[in-house]
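J.: Submitted below is the structure of interest, expressed as structure tokens.
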Amino acid sequence: MDENYISIPAADGCPSILTPWGSEFAPTIERGVQCAQAWFESNSEVPLWWELAQTRKTFPMGDCQDAFEAGFLLRIQQRLRGVSQ
């Protein structure tokens, strides 16, 4: 595994996922992971797409929004794969 890239930690029985993002985006990717995880753990009626769209807007356009989205969606990917196993 390349140490210059950030990985999404293992979760829900799925291994970690390497991203194409460098360490400068680590906090943004982690925020995406945390946001998705918080949605899973909440009993909120807020739709998942709304959570993604609204939180994504809090980051500067471009790479920061994309890195947040990568963390968010990769965490959801892990959950979906974990459920299907």
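Read the figures in this text as sums done on the coordinates, not as results from a lab. Small disclaimer: the values here were computed from a predicted structure and weren't measured.
J.: If the viscosity is 1.306 mPa s and the temperature 10 °C, what Stokes-Einstein diffusion coefficient in µm²/s follows for the chain when Rh is the Kirkwood radius over Cα pairs?
T.: 122
J.: I want to verify a result. In a Gaussian network model of the chain, Cα cutoff 10 Å, which of these has the top mean-square fluctuation: GLU45, GLU24, GLU69?
T.: In this elastic network of the chain, the residue with the biggest mean-square fluctuation among GLU45, GLU24, GLU69 is GLU45.
J.: Compute the relative contact order of the chain as a whole-number percentage, counting only Cα pairs closer than 8 Å that sit 6 or more residues apart in sequence. Mind dumping the intermediate values first?
T.: Working: 102 pairs, mean separation 32.8, N = 85.
In percent, rounded to a whole number, it is 39.
J.: If the elastic network links every pair of Cα atoms under 10 Å, which of THR28, THR58, THR19 fluctuates the most in the Gaussian network model of the chain?
T.: Between THR28, THR58, THR19, it is THR58 that shows the largest mean-square fluctuation.
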